[in-house]
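Presented below is the structure to which this report refers.
The values are calculated or read from the model by the stated rules, or taken from the named source; none is laboratory data. Source: prediction; values computed, not measured. Ideal geometry is used to build each Cβ from the backbone, glycine not excepted, and the neighbour counts take in all protein chains shown. The accessibility values were calculated without ligands, DNA or RNA, using every heavy atom of the protein model including side chains. Shrake-Rupley method; radii C 1.70, N 1.55, O 1.52, S 1.80 Å.
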Amino acid sequence: MEYSNLQRQAASLKKSLFDQGYLDEQFCQIEYLQDEASPNFTEEVVSLFFENSTRLMTNIEQAMEKNPRDFSRWDVNMQQLKGSCSSIGASRMKNECTSFRNICGDENAEGCMRSFQNLKREHGVLRQKLESYFQVLRQAGPAVTAARPRGM
Amino acid sequence: MSTTTVTPEPPHVLAVDDSIVDRAVISRLLRSSKYRVTTVDSGKRALEVLSLDGDNVHMIITDYCMPEMSGYELLKRVKESTELREIPVVLMSSENSPPRIRRCLEEGAEEFLIKPVRASDLSRLCSRLITTLR
């Protein structure tokens with residue numbers, strides 16, 4: 001089967017997301033759930049993830065400002081965020097959440113601030129990359145979404 | 001002629017999770033296996049659904065860590081209830097804690113799944129439980 005340029009581009013974007021560690025196998029699990037009954041499932045879940053993660057990160061940021069050194073509160077919120085990351089295969093973000101929780105466990109407030117900044121950055125980058133990926137997918141057409149390009 | 005037991009309607013699963021992302025995934029996982037799914041975001045809501053429609057719920061799958069009422073507490077409430085205790089309850093958690101798992105199984109949980117839950121976990125689980133649902 002001949003793949004169009006757009007389909008190749010989508011496959012390439014996806015491959016680099018995996019190669020660079022932004023996504024892990026769990027993302028494939030989400031994609032496998034997409035079918036004619038739920039043709040936009042992956043994008044819908046990713047969209048829910050970004051709404052949810054943005055909210056959680058705002059909560060954490062506020063907690064870090066208003067409840068300084070309230071490490072257990074910070075940790076509870078971060079645990080939720082980590083869970084969401086894990087559910088969609090957002091691997092780099094998940095690792096940063098783990099890192100934050102370890103630093104939180106050490107009661108290192110400055111370390112937490114730094115880790116949180118990293119997390120915000122990862123969040124922004126992932127969002128941008130996934131938005132590009134979905135945009136190309138939409139342009140490429142419905143046939144490509146569940147397809148596995150040869151050689152992958 | 002098929003010798004397998006065909007249920008008149010697909011089994012109805014009540015999925016409980018405070019995470020909106022996980023609710024979307026679990027419900028899609030179950031629906032793609034042709035189960036009917038009701039999702040709720042708390043143990044309290046789960047008990048409300050069960051009090052209204054408990055006869056029609058064939059399995060409960062619940063997250064362990066939830067604010068207010070944990071999955072473990074929900075499990076206990078279900079198993080303590082004469083009306084609900086026969087409903088199989090499955091727990092899910094991202095933490096792989098053997099004491100936690102043991103406690104849940106002792107309390108009557110059918111199974112304890114580690115998140116993120118995969119299609120293979122659920123299909124294995126549901127096909128095992130389906131034979132006991134009739």
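Quick one: grab the alpha carbon gyration tensor of the protein assembly as shown, order the square roots of its eigenvalues as a ≥ b ≥ c, and give me rounded if a/c is under 1.5, else prolate or oblate depending on whether a/b is larger than b/c.
oblate
Classify chain A as rounded, prolate or oblate from the Cα gyration tensor: take a ≥ b ≥ c as the square roots of its eigenvalues, call it rounded if a/c is under 1.5, otherwise prolate when a/b beats b/c and oblate if not.
prolate
If r is the Cβ-Cβ distance from residue B:51 to residue A:5 and R0 is 45 Å, what FRET efficiency results, to the nearest 0.05?
Calculated transfer efficiency: 0.20.
Run the quick spin-label model on residue A:32 and residue A:117: label points 7 Å from Cα toward the beta carbon, then report their separation in nm to one decimal.
A separation of 4.0 nm, rounded to one decimal place.
Between the range B:45-70 and the range B:85-111, what's the alpha-carbon centroid distance in Å?
Rounded to whole Å, the Cα centres lie 14 Å apart.
Taking only Cα atoms, what is the 0 to 90° angle, nearest 10, from helix B:71-80's long axis to the longest principal axis of chain B?
Tilt relative to chain B: about 60 degrees.
Counting Lys +1, Arg +1, Asp -1, Glu -1, what net charge surrounds residue A:138 among other residues with beta carbon under 11 Å of its beta carbon?
-2
Once you have the Cα-Cα distance between residue B:81 and residue B:36, take 0.36 nm times their residue separation minus that, and quote the gain in nm to one decimal.
13.9 nm
Using a 7 Å offset from the Cα along the Cα-to-Cβ direction at both residue A:55 and residue A:76, what is the distance between the two label points in nm, to one decimal?
That separation, rounded to one decimal, is 1.7 nm.
Which Cα, out of A:136, A:103, A:71, lies furthest along the positive dipole direction of chain A (beta carbon charges, K/R +1, D/E -1)?
A:136
Roughly what angle does helix A:71-88 make with the longest principal axis of chain A, taking Cα atoms, 0 to 90 degrees, to the nearest 10?
Approximately 10 degrees, to the nearest ten.
To the nearest 10 square angstrom, what accessible area does residue A:123 show with a 1.4 Å probe?
Counting only protein heavy atoms, the figure is 20 Å².
How about the range A:81-127: which GluC sites (Glu not before Pro) there are in a DSSP loop, with at most 15 other Cβ atoms within 10 Å of their Cβ?
Filter output for the range A:81-127: A:107.
When you look at the Cβ of every residue in B:14-24, what mean number of other chain Cβ atoms sits within 10 Å?
Across the residues of B:14-24, the mean count of other-chain Cβ atoms within 10 Å is 5.
Counting only other chains, and only Cβ atoms inside 10 Å, what mean value do you get across the residues of A:81-88?
5
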